[in-house]
Structures are given as structure tokens and as C-alpha cells.
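> Input: one structure, supplied below.
The values are calculated or read from the model by the stated rules, or taken from the named source; none is laboratory data. Just so it is clear, the model here is predicted, and its values are computed rather than measured. All Cβ positions, even for glycine, are placed from backbone atoms using ideal geometry, and neighbour counts span all protein chains on display. Areas reflect the complete protein model, heavy atoms only, side chains present, ligands, DNA and RNA absent. Shrake-Rupley method; radii C 1.70, N 1.55, O 1.52, S 1.80 Å.
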Amino acid sequence: MDRIIGRFHQCVAEENGTELAKIFSTKAPASSPNFFYDLRRASNAQHIDGEIHYSLTPRNGFSFDSAEVNAWAEVFVNYWKAVGEFIGLEESTDRGELKDGQYGEVYDVWKAFTNSLIKYHSSSVLPFWTIPCLYTALTDLRTYAIKADEQSVNAKGSINFSTGLQDDIVSSVGKNEKLEDYARVLNRVFNMCLQDRAPVEYSRKWGTYFTANLMFKTYFKLNAVSLSKNMVQAINAQFDMPSLYRFPRSEIVTFKYYIGVMTFLREDYVQAEQNLTEAWQLCHKSAYKNHQQILTYLIPCRLITTHKLPTSELLSPYPRLQALFGPIAACIRKGDLAGFDAALFAGEVEFVKRRIYLTLERGRDIALRNLLRKVFLAGGYEPLKEGQTEADLIRRTRIPIAEFAAAIRMGLGADGKLLEDDEVECMLANMIYKNLMKGYISRERAMVVLSKTAGMAFPGTGV
């Protein structure tokens, strides 16, 4: 006990919240694997409160008032109780004999510790610089909530949690009792930070975006994305909130990423691209997983907004993204409609899980555009008239519908045999309506008349 109080005294003297948060860790230090056992043996349930109170008095070098002594004593007592559960959990895990509901018990005791921090931060008894303790407590509490729900669901023989890339976006479990409870705890902290009226240099508002990012992760995991919108509106309504760019870069990247995903799901692809691009640019170059998560949504965004496809150089460091997007990108470039449909079908499960299936499906229009463009290029140029030179060459802009129909039928493979002429005309009309092709259909002559202006027949492709 003397050891932990000594570290605490040093952190208080230096007002070092980051080091203080490390004291209340859920894992024993690697340099002292028996630390938890020593801490538990240092006292007992009857005497721990009195011993902590005595340790925090002025005679031991602390200058706390009675309110601070009581606050820190409650925090330390709750941590001491939690350590007992950590020891039990570690021993059960090592033996491979986890009890039903054991993670739930750990969640409950760590929630009590977290609530004690929240209570005394809300009443401003604990100083603002100690808020990193709340960061650590909330992050660990979320982990225990997820594991508790997972253990509960597995005990009932239900579906497991989704795993793999971006598991914060998708959850396949219907019941998340502890995680929903955690969301309520988190909401209290968010409101406490958001509504703090202390001068900005001493304000708990500096905890807003860290807490908001945890709320994003939690709401997405609970499939309650709409609640995220309310949270963002609450932040934007604060006239005295420091600029986002004054916060740590890690918090900016995470916030921009989730804003990007949220707007992506609302099909506001322009805003989504802006936020995801900024997250990508600010993300640390060694944050491999974060890059992968951002690209999962940025690639479909850019396909819709600018019709740009990922290059092999971009995808090569990320094998999972290469497997997801590589085949689709290749088919779009070639105008291979049958291949596109096959690639979309092959990745359907992953695309639906990531909620990008419908967006990628729109890439079929780009594949069709590229196929029709090939027909246009294959048509060559109008014959030169007398006195004209090669500098006067103009591409043939009157393309028989039959030529486009033949290309589409070939592109569709076996399914193309069933394609009727009216369906071809409908597809061409959609291309013109979506501004993927400039021109009009002349039904009398069974032709498509394309724009003669250079680079305007298929906008954005250079022809």
C-alpha cells in the first residue's frame, strides 16, 4: 500500500494525470507481476477505508481538504475491491475455468470504481488534470462490458460477436445488457465534460472528444448510429467549445473517421469523403489498422463522388482490402459486367457486414460506362472531308444502338442472351440521365448521338 500511495503522492505533486491514470490499471505492472496480490494482502475489507484516510492526511505530505481526502479514499477503496476481482479473473483464466457471469462481476466492480471518479469530477472535488483517470476507467469498462455480454450470450448458446476488421461498426448480437448500461455511464461523463463552465485552461471540456469517440464506438456496436447524430449536434451547439484542432491528433482522427462513416451511412458521400480524407491524412503512418478501417469507407466514397478506383499500390499493404476491393476495381476498369456481378456476389457477406454493399453496387454504372466508352473508342473517327487534315479528325459520335447492345450482351456473359433491346435503351437512357454519358437517343434512327465536344462524350474520362 505504501508503494502505491508513494506513486500517488508524486503524481499529485507534479499534477501528472497521465501517470496517475497508470496507478489505477486493470493489469499488474510487467515489472511487478505480484503487485495485485501484495496490494490485497496489505489490508482487509474492515480496515482499508481507515488506512487510506490516514495515508492521505497532511502528516503524510498531502495538502488535501476533507472533501478531497474522502473522494480519493473512496476511489482507492473501490480500486482495492476491484483488484480482488482482477485476481480471481486472472486465476480462472489461467485454469481455463471461467465462471458464468464472471466478466459481469468484474464489470460491476469496475463500474463502481468509475462511478466514484465521475461523482467527484461532477462535483469538482477532483481537479481537472486528473481526468485521464476517467479515460482509462471508461476504456477498460467498455472492454469488460463487451466481454461480459459475450460471455452471457455464449452461455445461452446464441450468436457470437462479430470479429475482424472494424468490429466497432458491426455487431451481430441482439442483446447487449452491459454495453447498454455502459452507454448510460458514458453519457453522464460526456454531459459532464460538455457542460463544464470552468475557464478553458482548467475545463473538463478537454475530455469531450475522447468521450465522444468512445460513444461513437459504443453506439455503432449497439447498432444505434442515430444516437451519434444527437451527440454531434450537442457538441456543435457549444459556443465555448475549443476548436477540434486543439485536441490531440489521435482524437481528431477518430472523431473525423466516425463522422465520415456516419455521413457515409446517410449517403452524404461528399461530406463523408471530406471527413474520411482528413482522417486518412492525419492518421499516423504506422497506424496500419486505422488506415485499413478508413480506406474501407473512403474507397467506396471516392467511387461514387469522383469515379476513382484504388490503385494496386494503395491496396498492396492491406491484403484484406485487396481481397475485398481488388476484383471489383479490376472489373470496373475493364467494363466487365459479369465479372463485377460475380465479385460483388463473392464479397457480399463482408460488404453487407461493413454496410458498403449498396454503395459498391452503384459501381456497376461505372463499369457499364467504361464498357460503352470502349465501344465509342472502337468506332474510330468520321471520314475526312475534302481539304481536311488529321488535325481535323472528329470521333464518330453517332453510334448505332445495336453496337452498344452487342457489347453489353458480351459483357454480361451468359445472362446477356436474355437482354432485350428495350432494356438496352433503358440502360443507355440511365447513363445519360446520370451524366455518365453526354448525348441523346434517336429512336427513329436507332442511334445514340453523343456530344462532339472533346472530352464530353463520357465526362471525366477524357473522351
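> Take LEU384 and tell me if it is surrounded by 15 or more Cβ atoms within 10 Å (Cβ to Cβ) and not assigned by TED's automatic domain parsing to the domain that holds GLY335.
Values: surrounded by 15 or more Cβ atoms within 10 Å (Cβ to Cβ): no; not assigned by TED's automatic domain parsing to the domain that holds GLY335: yes.
No, not satisfied.
> Test of understanding: among VAL75, VAL153, which residue is of a type outside the set (Gly, Ala, Ser), at pLDDT 95 or above and over 20 Å from ASN187 (Cα atoms)? Steps first, answer last, please.
On the way: VAL153 fails: at pLDDT 95 or above.
Among VAL75, VAL153, only VAL75 is of a type outside the set (Gly, Ala, Ser), at pLDDT 95 or above and over 20 Å from ASN187 (Cα atoms).
> Can you tell me how many residues within the stretch 427-441 are touching a Lys or Arg at 6+ places or on another chain (Cβ under 8 Å), touching a residue at least 24 places away in the same chain (Cβ under 8 Å) and not in a loop (DSSP other than H, G, I, E, B)? Write out each step before concluding.
Step one: of the stretch 427-441, the residues touching a Lys or Arg at 6+ places or on another chain (Cβ under 8 Å) are 431-432, 436-437.
After this cut, where a residue has to be touching a residue at least 24 places away in the same chain (Cβ under 8 Å) as well, the list is 431, 436-437.
Next, from what is left, pick out any that are not in a loop (DSSP other than H, G, I, E, B): 431.
Residues that pass the stated criteria total 1.
> Only one of these is open to solvent by less than 70 Å² (accessible area, probe 1.4 Å), among the aliphatic types (A, V, I, L, M), modelled with pLDDT of 95 or more and part of a helix (DSSP H, G or I): LEU314, LEU276. Name it.
Working: LEU314 fails: modelled with pLDDT of 95 or more.
Residue meeting the stated conditions: LEU276.
> Select from the stretch 192-218 the residues that are in contact with a Ser or Thr (Cβ under 9 Å, 6 or more places away or on another chain) and either among the acidic types (Asp, Glu) or not in a helix (DSSP H, G or I) (or both) and write down the one among them that is most open to solvent (accessible area, probe 1.4 Å).
ARG197
> Let me ask something additional. Exactly one condition in (1) touching a helix residue (DSSP H, G or I) at 6+ places or on another chain (Cβ under 6 Å); (2) under 25 Å from ALA183 (Cα atoms); (3) charged (D, E, K, R) is not met by GLU273; state its number.
(2)
> A further question on this structure: For the stretch 29-36, state whether one or more residues are touching a Phe, Trp or Tyr at 6+ places or on another chain (Cβ under 9 Å), in the same structural domain as GLY88 (by TED's automatic domain parsing) and either open to solvent by less than 20 Å² (accessible area, probe 1.4 Å) or at pLDDT 90 or above (or both).
Step one: of the stretch 29-36, the residues touching a Phe, Trp or Tyr at 6+ places or on another chain (Cβ under 9 Å) are 29, 36.
So of that shortlist, the ones also in the same structural domain as GLY88 (by TED's automatic domain parsing) come out as 29, 36.
Remaining after also requiring either open to solvent by less than 20 Å² (accessible area, probe 1.4 Å) or at pLDDT 90 or above (or both): 36.
Yes, the stretch 29-36 contains a residue that is touching a Phe, Trp or Tyr at 6+ places or on another chain (Cβ under 9 Å), in the same structural domain as GLY88 (by TED's automatic domain parsing) and either open to solvent by less than 20 Å² (accessible area, probe 1.4 Å) or at pLDDT 90 or above (or both).
> Could you list all residues from the stretch 428-449 that are surrounded by fewer than 14 Cβ atoms within 10 Å (Cβ to Cβ) and out of contact with any strand residue (DSSP E or B) (no Cβ under 9 Å at 6 or more places or on another chain)?
Once the filter is applied, which keeps residues that are surrounded by fewer than 14 Cβ atoms within 10 Å (Cβ to Cβ) and out of contact with any strand residue (DSSP E or B) (no Cβ under 9 Å at 6 or more places or on another chain), the stretch 428-449 yields ASN430, TYR433, LYS434, ASN435, ARG443, GLU444.
> Could you list, in sequence order, the residues of the stretch 420-463 that are of a type in the set (Ser, Thr, Tyr) and under 16 Å from ASP365 (Cβ atoms)?
Listed by number, the residues that qualify are TYR433, THR461.
> Answer with yes or no whether ALA414 is exposed (fewer than 12 other Cβ atoms within 10 Å of the Cβ), closer than 24 Å to LYS334 by Cα and touching a residue at least 60 places away in the same chain (Cβ under 8 Å).
Values: exposed (fewer than 12 other Cβ atoms within 10 Å of the Cβ): yes; closer than 24 Å to LYS334 by Cα: yes; touching a residue at least 60 places away in the same chain (Cβ under 8 Å): yes.
Here the answer is yes, as ALA414 does meet what is asked.
Residues checked against (1) surrounded by 13 or more Cβ atoms within 10 Å (Cβ to Cβ); (2) more than 45 Å from the chain's Cα centre (by Cα); (3) among the hydroxyl-bearing types (Ser, Thr, Tyr); (4) not assigned by TED's automatic domain parsing to the domain that holds ASP336:
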| residue | (1), (2), (3), (4) |
| --- | --- |
| LEU393 | no, yes, no, yes |
| PRO400 | yes, yes, no, yes |
| ALA405 | yes, no, no, yes |
| GLU420 | no, no, no, yes |
| GLU423 | no, no, no, yes |
| CYS426 | no, no, no, yes |
| THR461 | yes, no, yes, yes |
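> Then there's this: Would you pick out the residues in the stretch 209-230 that are closer than 21 Å to ASN290 by Cβ and over 13 Å from the mean Cα position of the chain (by Cα)?
Here is the first cut: in the stretch 209-230, the ones closer than 21 Å to ASN290 by Cβ are 209-221, 225, 228.
Selection gives TYR209, PHE210, THR211.
> Further, regarding this structure: What tally of residues in the stretch 244-273 results from selecting those that are open to solvent by less than 70 Å² (accessible area, probe 1.4 Å), out of contact with any Ser or Thr (no Cβ under 6 Å at 6 or more places or on another chain) and in a helix (DSSP H, G or I)?
Restricting attention to the stretch 244-273, the residues satisfying the condition of being open to solvent by less than 70 Å² (accessible area, probe 1.4 Å) are 244, 247-248, 251-265, 268-269, 272-273.
Those left that are additionally out of contact with any Ser or Thr (no Cβ under 6 Å at 6 or more places or on another chain): 244, 247-248, 251-261, 263-265, 268.
Filter again for in a helix (DSSP H, G or I), leaving 244, 251-261, 263-265.
Result for the stretch 244-273: 15.
> Same structure, new question: So which residues in the stretch 37-94 are aromatic (Phe, Trp, Tyr), assigned to a helix (DSSP H, G or I) and open to solvent by less than 50 Å² (accessible area, probe 1.4 Å)? Full working, then the answer.
Taking the stretch 37-94 first, the residues aromatic (Phe, Trp, Tyr) are 37, 54, 62, 64, 72, 76, 79-80, 86.
Adding the requirement that they be assigned to a helix (DSSP H, G or I) leaves 37, 54, 72, 76, 79-80, 86.
Those that are aromatic (Phe, Trp, Tyr), assigned to a helix (DSSP H, G or I) and open to solvent by less than 50 Å² (accessible area, probe 1.4 Å): TRP72, PHE76, TYR79, TRP80, PHE86.
> In this structure, does LYS452 turn out to be open to solvent by 90 Å² or more (accessible area, probe 1.4 Å) and either touching a residue at least 24 places away in the same chain (Cβ under 8 Å) or part of a loop (DSSP other than H, G, I, E, B) (or both)?
Yes.
> Can you give me the number of residues within the stretch 120-148 that are open to solvent by 20 Å² or more (accessible area, probe 1.4 Å), assigned to a helix (DSSP H, G or I) and touching a residue at least 40 places away in the same chain (Cβ under 8 Å)?
Applying the first criterion (open to solvent by 20 Å² or more (accessible area, probe 1.4 Å)) to the stretch 120-148 yields 120, 122-125, 127-129, 132, 135-136, 139-140, 142-143, 146-147.
This time we only want the ones that are assigned to a helix (DSSP H, G or I), so: 120, 122, 128-129, 132, 135-136, 139-140, 142-143, 146-147.
After this cut, where a residue has to be touching a residue at least 40 places away in the same chain (Cβ under 8 Å) as well, the list is 120, 122, 128-129, 132, 135-136, 139-140, 142, 146-147.
So the answer is 12.
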